[in-house]
Amino acid sequence: MRDGIVHLPASRWCRYGHYLLGTTTGTDDEPEIRNTQASTGGLIVKNSVFTPDFVDRSYWLTSLPQMGSSAEPLPARIDVLIVGAGLTGLTAGHDLSRSGRRVVVLDSGEPGEGASSRNAGMLGRNTKHSFLGLSKSAGQDVAIRYFRDLHRVFLSSVERIEAEKISCNYQQNGRVVVAHTQQQFNGLRAEYEARAEYLGEKISILDEGVQSEVGSKSFVGGVYVHDNGAVHPGQYTRAFISRARAAGASIIGKTVVQSIRREKDGFLVKTSNGMVRARDVLLCSNGYTASLIPWIARRLIQIESYIVATEPLPADVVQSVFPRNRTYIDSTRRPMSMRLSSDGMRIVFGARTGEPKNQPIRETARLIYDDLTTTFPQLRGYRLTNAWGGRCGVTWDHFPHVGQHEGMHYALGYNFSGLAMAPYLGEILAKQVLGAAPDTDFQTRSFPSVLMPARAFDAAVTRRVIRYYGWRDHASMRPAS
């Protein structure tokens, strides 16, 4: 980096040009690896960026004992059927079961192994909206109310963890938001100083001090948000499964919901595991909702998000990257998320949001490894043990939504910020089923459709827009000609 600008090698610009155009070659070109040459049968082979035991599965899940499930028989009739055994559905199932309802929570895969266990485990007041931007577009009163709602969401997560002693490696070490350029840093400073003034958020502005927080020369400054936290999302979600079952909810995996038909006294639900009748149906599968309900499909964009985890690193290398063990995110349009694993031995690094879901995960992982080692050159040579993706649900207005459609209850559209939001909206959904009046803007805000041109070419448009954002991020860091 010179003069606050990141200078990328020409080879990276060429590679990124192919990426932007959708013409990546899928070659096995890989960076040099520490102890790079291995002799095999008289041939010299360059080592992979992957360890021999590499798996395309969430590190948060592989670090836990396997929790197998089978498609149990469904009862003929129940009070509440919940589609999606993630944090939203599990929370709603817990609360409704405690209220005396007979509840079944279904998941097409293993319970809790969707986005709830595939995220970075960062807990905070996350949103795609900036406070200043929302103040300008909707008015300061609207922005203050929305961000106070986000604070309430965050506090509810922390209070639940502490009150119920949820075992999830919760750490409240704060978050650092970093800037690659002076222009980004100026915007960050203005945004977080406004949040401190109007919302009371406790922050520290980092200029030269950013180097003491994150061991990379890629960043010119940042903001330290004091009270943000982190969890082990696999442990966190397992705890929600246990609490829902303890409350009386039946949680059944490997059962695909195929259709939902409204009847006079409820719903008839057809699944891959048989039929079930329910008085109430809750849709809690967010980015995995797909086209089950066309009305929702018209309002939700599905985007893949990706994360990698390194092999265990020497303590001095860990210290050189994240000396204060916080969570970290950059301020680009396609942000990188960065943190240590809960045991403090690995780097967990997210990037390349929006890569095609049908692209081989190793190809995506190589691109992320390139980003990782460009940001932290001291990690070049250490390999990856895990790479995985998860599907996020994005709304046209970038707000989450809770409501009813044709008698079915739904909560979705977390816009990459579901770890705190999902349980909170699960609680709101349960109250909604029990007849409580709406008490948040998440329930009363109109739910816009995705505009027709974008919907007509959903996958292609999403891919191009995401690539455009990536190009803009890289272009903003190019050296001046």
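Filter region 161-190 for residues that are touching a residue at least 24 places away in the same chain (Cβ under 8 Å), part of a helix (DSSP H, G or I) and surrounded by fewer than 18 Cβ atoms within 10 Å (Cβ to Cβ) and give the result.
Within region 161-190, GLN182, GLN183, GLY187, ALA190 meet the criteria.
Is region 418-436 home to any residue that is hydroxyl-bearing (Ser, Thr, Tyr), under 16 Å from LEU283 (Cα atoms) and in contact with a strand residue (DSSP E or B) (Cβ under 8 Å, 6 or more places away or on another chain)?
no
Are any residues in region 224-235 part of a helix (DSSP H, G or I) and crowded, with 24+ Cβ neighbours inside 10 Å, and if so, which ones?
The answer is PRO233, GLY234.
Tell me the residue from LEU90, LEU155 that is over 21 Å from LEU434 (Cβ atoms), under 22 Å from the mean Cα position of the chain (by Cα) and not aromatic (Phe, Trp, Tyr), please.
LEU155
Would you point out the residue of region 236-295, among those that are at positive phi and not in a loop (DSSP other than H, G, I, E, B), that is surrounded by the most Cβ atoms within 10 Å (Cβ to Cβ)?
Once the filter is applied, the top-ranked residue is ASN286.
When GLY100 is evaluated against the numbered criteria (1) farther than 25 Å from MET336 by Cα; (2) in contact (Cβ under 8 Å) with a residue 40 or more places away in the chain, which criterion, by number, is the only one it fails?
Result: GLY100 passes all but (2).
Would you check which residues across region 371-421 are charged (D, E, K, R) and either surrounded by 24 or more Cβ atoms within 10 Å (Cβ to Cβ) or in contact with a Pro (Cβ under 7 Å, 6 or more places away or on another chain) (or both) and list them?
Once the filter is applied, which keeps residues that are charged (D, E, K, R) and either surrounded by 24 or more Cβ atoms within 10 Å (Cβ to Cβ) or in contact with a Pro (Cβ under 7 Å, 6 or more places away or on another chain) (or both), region 371-421 yields ARG380, ASP397.
Restricting the first residue to region 110-127 and requiring it to be part of a helix (DSSP H, G or I), which pairs with a second residue that is surrounded by fewer than 24 Cβ atoms within 10 Å (Cβ to Cβ) and among the hydrophobic types (A, V, I, L, M, F, W, C) meet a Cβ separation below 9 Å and a spacing of at least six or different chains?
SER117/LEU61; SER117/LEU64
So in region 417-446, with the set limited to residues that are at pLDDT below 90 and among the hydrophobic types (A, V, I, L, M, F, W, C), which one is nearest to ILE301 (Cα to Cα)?
My answer is PHE442.
Assess whether SER216 counts as being in contact (Cβ under 8 Å) with a residue 60 or more places away in the chain and either farther than 28 Å from ARG148 by Cα or of a type outside the set (Gly, Ala, Ser) (or both).
Yes; evaluated as a whole, the condition is true for this residue.
State yes or no: is SER204 closer than 30 Å to LEU372 by Cβ and assigned to a loop (DSSP other than H, G, I, E, B)?
For SER204, the condition - closer than 30 Å to LEU372 by Cβ and assigned to a loop (DSSP other than H, G, I, E, B) - is not met.
If VAL105 satisfies every condition in (1) without any contact (Cβ under 8 Å) to a residue 40 or more places away in the chain; (2) of a type in the set (A, V, I, L, M, F, W, C); (3) surrounded by 18 or more Cβ atoms within 10 Å (Cβ to Cβ) but one, which is the exception?
Result: VAL105 fails condition (1) only.
In region 193-220, which residues are at negative phi and small (Gly, Ala, Ser)?
Within region 193-220, ALA194, ALA196, SER204, GLY209, SER212, GLY215, SER216, SER218 meet the criteria.
I need the full set of residues from region 52-94 which are surrounded by fewer than 23 Cβ atoms within 10 Å (Cβ to Cβ) and part of a helix (DSSP H, G or I), in order please.
LEU61, THR62 - these are the residues of region 52-94 that are surrounded by fewer than 23 Cβ atoms within 10 Å (Cβ to Cβ) and part of a helix (DSSP H, G or I).
Tell me, please, whether a residue that is under 14 Å from the mean Cα position of the chain (by Cα) and in contact (Cβ under 8 Å) with a residue 12 or more places away in the chain can be found in region 373-385.
no
Restricting the search to region 300-329, which residues are farther than 19 Å from GLY390 by Cα and assigned to a strand (DSSP E or B)?
Result: THR327, TYR328.
The values are calculated or read from the model by the stated rules, or taken from the named source; none is laboratory data. These numbers come from a predicted model, not from an experiment. Counting neighbours? That spans all protein chains shown, and the Cβs are built from the backbone with ideal geometry, glycine included.
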